[in-house]
1. Give just the number: which of (1) under 20 Å from residue 79 (Cα atoms); (2) in a loop (DSSP other than H, G, I, E, B) does residue 155 not satisfy?
2. Working carefully through the options 149, 189, find the one that is in contact (Cβ under 8 Å) with a residue 60 or more places away in the chain and touching a helix residue (DSSP H, G or I) at 6+ places or on another chain (Cβ under 9 Å).
3. Anything in the range 223-244 that is in a loop (DSSP other than H, G, I, E, B), in contact (Cβ under 8 Å) with a residue 40 or more places away in the chain and under 20 Å from the mean Cα position of the chain (by Cα)? List them, or say none.
4. How many residues are under 11 Å from the mean Cα position of the chain (by Cα), over 15 Å from residue 80 (Cα atoms) and modelled with pLDDT of 95 or more when one looks only at the range 97-121?
5. Suppose we filter 117, 140 for residues that are under 26 Å from residue 231 (Cα atoms), out of contact with any helix residue (DSSP H, G or I) (no Cβ under 9 Å at 6 or more places or on another chain), part of a helix (DSSP H, G or I) and in contact (Cβ under 8 Å) with a residue 60 or more places away in the chain; which single one remains?
6. Among the numbered criteria (1) at pLDDT 95 or above; (2) assigned to a loop (DSSP other than H, G, I, E, B); (3) crowded, with 16+ Cβ neighbours inside 10 Å, which one does residue 127 miss?
C-alpha cells in the first residue's frame, strides 16, 4: 500500500493500474485487515495501511530487505509493446492489450514505474492473441523495438565498440528496472550476459533474446545470440551468449 491515505483513483494514477484492478485489490486487502477505510464514502473513500498491515510490511522489510519492494519496470517498455502492436495490427488492438493487463494506454508515461507483473501479462496477452505459443512473436517484437528504446538510443549515440556498449549494459538495466541485476563478461568477439531477474517467464526470456538480437541489428553487426541458461530450468540466472 502506498504510504498515507489515498483514494482508489490516486492509487490508480500513481501505480498506472486500471481503476477496477485497484478497487478489487483494495477489497482483498480490506478483507484480510491489511488495509482500512479512514474516511469518505464510495468514490471519495480514503484507504490506508492498517496497524496489522504496517506490522506485516515492517516485518517483511526487516526480513527480506529491498525485495519487499514490488518489482517494477519503466513505462517505455509498455509503450514499445503498444507501438509494435499498433504498427503490426491496429491501435485498437494495442489499447485492448494494455487495458486487459490493467493499464490505461492514454496515461502511460515512458519514465513512470509500473508493476512488472503487468508487463508480463501484457506480453502473454500479445502472444496469446497474435502468436502461436512458441513466443517467437514476442522475440520478434523486441527485436524490432529495441532501436526505439531510450536506453538503447543513449548507448548507440555514444558510437562505441560493441564490447564497450555491452559492458555498459548493467547501468542501463538499473535505469529500467528497480530489481535484479545484469552481469556481462566480454572476451574477444564473444560476450556472456547474465540476467538475474527476480521474476522470469517464457515470454520474458523470449523478450530478452529478441532484445540482444535487436541490439546487433541496430549496430548492423552480424552475429548470433544463444540462450545458455534459464532460471525457469533451475539456473541462478538467464544466460545469453552473444557472438559477433
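1. That leaves (2) as the condition not met.
2. It is 149.
3. Passing the criteria: 236, 237.
4. So the count comes out to 0.
5. Selected residue: 117, the only one of 117, 140 that is under 26 Å from residue 231 (Cα atoms), out of contact with any helix residue (DSSP H, G or I) (no Cβ under 9 Å at 6 or more places or on another chain), part of a helix (DSSP H, G or I) and in contact (Cβ under 8 Å) with a residue 60 or more places away in the chain.
6. All conditions pass for residue 127, except number (2).
The values are calculated or read from the model by the stated rules, or taken from the named source; none is laboratory data. All of these numbers come straight from a predicted model, not from anything done at the bench. Virtual Cβ from ideal backbone geometry, glycine too; neighbours counted across all protein chains shown.
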